[in-house]
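Peer 1: Encoded as structure tokens, here's the structure I'll be asking about.
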């Protein structure tokens, strides 16, 4: 369950497209952001029967080279985004724990299959080889394909990059991107480079999502938050699901039924006010889950076209202080509460003032020493020139005067005698 059920629900709604054919309709080329986390097996080069040996890196490099050549020939520019962020409070690493448990189960199944049958494992048990991220980043940079690594929140940074750099679309497989509604959204799990010189995938009409769910546009983020995610998990919404007739423990709820049930509840709310929705869901605004629900709704709003510029990192952005109209408070009644605690102790104003005075003193001493050294050099140069001039004058007076003599050479020629 969770927001990923929305992606599963829309798998049948996507239309097959060829990215190379779409690029031919764009005069300046087709620029896309590719979320690598949803297509690691595709970037690895597809399925190889001996992938369980530890990674076929030569084939991986060969496939990426072919992909880069095809992209350049068809004027498709990709920026590949890798996930370098980690879950931060209040988000819990539940997704990471579930992913690692799934990989562990697959590895056990692969080893059991090899021991018992002695044949290559099936495709459904594919696990990314160790070091795949590092290998892909290195090869892509070598092939001059731009690479981006997120640092705080992967989904927000990827969709922010797509909007800020005016990319034509996003290629991914996360349910969050459906709520963010990028300019165009393609499936990364269905990405396939064929021998017919085509790059095939599916395109989802994300702007028709409210119409498909029969929801107003301003309630789409609330609907996504009630599906569960990293901020407000499905376990926190167990009581709410029971009221809707959904039992997570006894049965596996299909994505279609879950989405229709929650969509009906959001549609029947009297208004789109978040406080009213929190009271309707949890019964009290003082409930801790109400604050998480508001945070989850704001998270999805920050990824939309109108709200992506308001996104802040987990550490927050420091506001810029206006120092022109700011006057220092020199009153003796100021307490420790007025002090700026955002800096270290060695970065206080007293140390800054003392450091500035020491710097001025050292600069003044250095300039004075430089002036003295220049004057000494000038005096030495003057004495040297004077001594040279006096010595040359004495030599001129002691030299004897001699009159120049001019020797004229006379040439004699013999005239031929006439016989």
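The values are calculated or read from the model by the stated rules, or taken from the named source; none is laboratory data. This one's a predicted model, so the numbers in the text were calculated from it and none came from an experiment. Here the Cβ positions follow ideal geometry from the backbone for every residue, glycine too, while neighbour counts run over all protein chains shown.
Peer 1: Somewhere in the range 262-281, is a residue free of Cβ contacts under 8 Å to residues at least 40 places away in the same chain, at positive phi and not assigned by TED's automatic domain parsing to the domain that holds residue 71? Steps first, answer last, please.
Peer 2: If we filter the range 262-281 for residues that are free of Cβ contacts under 8 Å to residues at least 40 places away in the same chain, which is where we start, we get 262, 264-265, 268, 270-271, 273, 275-276, 278-280.
Now restrict to residues that are at positive phi: none.
The answer is no, given that none of the residues of the range 262-281 is free of Cβ contacts under 8 Å to residues at least 40 places away in the same chain, at positive phi and not assigned by TED's automatic domain parsing to the domain that holds residue 71.
Peer 1: Can you pull out the residues in the range 108-128 that are out of contact with any helix residue (DSSP H, G or I) (no Cβ under 7 Å at 6 or more places or on another chain) and within 20 Å of residue 189 (Cα to Cα)?
Peer 2: 122, 123, 124
Peer 1: Would you confirm, using the coordinates I've provided, whether residue 100 is at pLDDT 85 or above, farther than 29 Å from residue 151 by Cβ, out of contact with any helix residue (DSSP H, G or I) (no Cβ under 7 Å at 6 or more places or on another chain) and outside any loop (DSSP other than H, G, I, E, B)? Talk me through it step by step, then tell me what you get.
Peer 2: Numbers: at pLDDT 85 or above: yes; farther than 29 Å from residue 151 by Cβ: no; out of contact with any helix residue (DSSP H, G or I) (no Cβ under 7 Å at 6 or more places or on another chain): yes; outside any loop (DSSP other than H, G, I, E, B): yes.
Against the criterion (at pLDDT 85 or above, farther than 29 Å from residue 151 by Cβ, out of contact with any helix residue (DSSP H, G or I) (no Cβ under 7 Å at 6 or more places or on another chain) and outside any loop (DSSP other than H, G, I, E, B)), residue 100 does not qualify.
Peer 1: Being under 22 Å from residue 298 (Cβ atoms) and not in a strand (DSSP E or B): is that true of residue 220 here? Don't jump to the end; show me each part of the working.
Peer 2: Working: under 22 Å from residue 298 (Cβ atoms): yes; not in a strand (DSSP E or B): yes.
The answer is yes for residue 220.
Peer 1: Specify which of the listed residues (222, 248, 237) is modelled with pLDDT of 90 or more and buried (at least 16 other Cβ atoms within 10 Å of the Cβ). Give the steps one after another, and end with the answer.
Peer 2: Values: 248 fails: modelled with pLDDT of 90 or more; 237 fails: modelled with pLDDT of 90 or more.
From the options 222, 248, 237, the qualifying one is 222.
Peer 1: Another question, if that's okay. Just one of (1) buried (at least 19 other Cβ atoms within 10 Å of the Cβ); (2) within 19 Å of the chain's Cα centre (by Cα) trips up residue 231, so point out which.
Peer 2: It fails just one condition, (2).
Peer 1: Then there's this: Against the conditions (1) crowded, with 19+ Cβ neighbours inside 10 Å; (2) assigned to a helix (DSSP H, G or I), where does residue 161 fall short? Just the number, please.
Peer 2: Only one criterion in (1) crowded, with 19+ Cβ neighbours inside 10 Å; (2) assigned to a helix (DSSP H, G or I) is unmet by residue 161, namely (1).
Peer 1: Further question: Check the range 192-199 and report whether any residue there is assigned by TED's automatic domain parsing to the domain that holds residue 10, touching a strand residue (DSSP E or B) at 6+ places or on another chain (Cβ under 8 Å) and closer than 14 Å to residue 170 by Cα. Show your work before the answer.
Peer 2: Pass one, the range 192-199, residues assigned by TED's automatic domain parsing to the domain that holds residue 10: 192-199.
Right, trim to touching a strand residue (DSSP E or B) at 6+ places or on another chain (Cβ under 8 Å) and you get 192-194, 198-199.
Subsequent filtering for residues that are closer than 14 Å to residue 170 by Cα retains none.
No, the conditions are met nowhere in the range 192-199.
Peer 1: While we're on this one: Being within 18 Å of the chain's Cα centre (by Cα), in the same structural domain as residue 69 (by TED's automatic domain parsing) and part of a helix (DSSP H, G or I) narrows it down to one of 178, 170, 136, so name that one.
Peer 2: Values: 178 fails: within 18 Å of the chain's Cα centre (by Cα); 170 fails: part of a helix (DSSP H, G or I).
Within the list 178, 170, 136, the selection yields 136.
Peer 1: Going through the range 1-25 one residue at a time, which ones are touching a residue at least 40 places away in the same chain (Cβ under 8 Å) and in a loop (DSSP other than H, G, I, E, B)?
Peer 2: Result: 1, 2, 3, 10, 14.
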